[in-house]
Amino acid sequence: MRISRAIVLFAAVIATLSACSSGGEKTDNAAKPSSQAPSAAPSSSSAPTGGAGAKEPCALLPAEAVGKAVSIQGVTSAPGPVQDNAANGGKAKSCVYSAAGKQIGALAVTRFEGNKIKPAEMVAALKKAKQNAKDVAGVGEGALYYTDENKTATLAAAELVDNVPVLVNYTGPAKMTQDMMTPLVKTAVDAN
């Protein structure tokens, strides 16, 4: 369950950093989980258009790749919580990876429709919020790896997809190193 809490905490960090970068608007601090499953998301004009950037997180990172990174066979994936924050335009979808009935990680993709935050600003805000964050080269337009007090590790990468700011992050147990996570996030970013 630490991984699920990490997704919610990461959404809170994103809400905070996005508010800071978009002129200091105050947010409700965290995106609230939606009661709808990702497949039941409305298909209104507010939904992303085009193929790029609109893919489901589970389609961006195969369960087999996660299994290979953590040396566990039989890893499965399932859509995770959807979290939208109207204050900053953040629309997050996630994919939860499990093996033997235990969560072993989660991939979250947050699109900031209508928010002109730049990838470098997202990375700078995350770096400020996570003092032990280390830069990761070669993933997106900027990426960071850090561990937190909840005993989780996260690698987050920022990029622009069809001129929409996007943050892609993988959160797993603290024993997952930067070297283990980098190919996972790079795979998701490249597929996005």
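Annotations
- Neighbourhood charge, 12 Å Cβ-Cβ cut-off, centred on SER77 and excluding it, Lys, Arg +1 and Asp, Glu -1: -2
- Once the chain from SER71 to LYS102 is taken as fully extended at 0.36 nm per residue, the excess over their C-alpha distance is 9.7 nm.
- The packing ranking of peptides 69-77, 182-190, highest mean first, is 182-190, 69-77, where packing means the average number of other beta carbon atoms within 10 angstrom of each residue.
- With all protein chains modelled, accessible area of GLU56 [1.4 Å, Å²]: 70
- Vicinal HN-Hα couplings computed from phi for the range 164-180 (Karplus, 6.51 cos²θ - 1.76 cosθ + 1.60; Hz; Gly/Pro x): 10, x, 9, 10, 10, 9, 10, 10, x, x, 4, 6, 6, 7, 4, 5, 6
- Pairs with C-alpha atoms separated by more than 24 Å, drawn from the list LYS91/LYS118; LYS118/LYS175; LYS93/LYS116; LYS91/LYS175; LYS102/LYS127, are LYS118/LYS175; LYS91/LYS175; LYS102/LYS127.
- Computed over the range 131-171, Kirkwood Rh from alpha-carbon pairs, angstrom: 10.7
- Taking the inverse of the mean reciprocal distance over all distinct Cα pairs, the Kirkwood hydrodynamic radius of the range 89-192 comes to 13.7 Å.
The values are calculated or read from the model by the stated rules, or taken from the named source; none is laboratory data. Every value quoted in this text rests on a predicted model; they were computed, and no experiment measured them. Glycine also receives a Cβ, built like all others from the backbone with ideal geometry; neighbour counts cover every protein chain displayed. Surface areas here come from the heavy atoms of the whole protein model, side chains and all, with no ligands, DNA or RNA. Shrake-Rupley method; radii C 1.70, N 1.55, O 1.52, S 1.80 Å.
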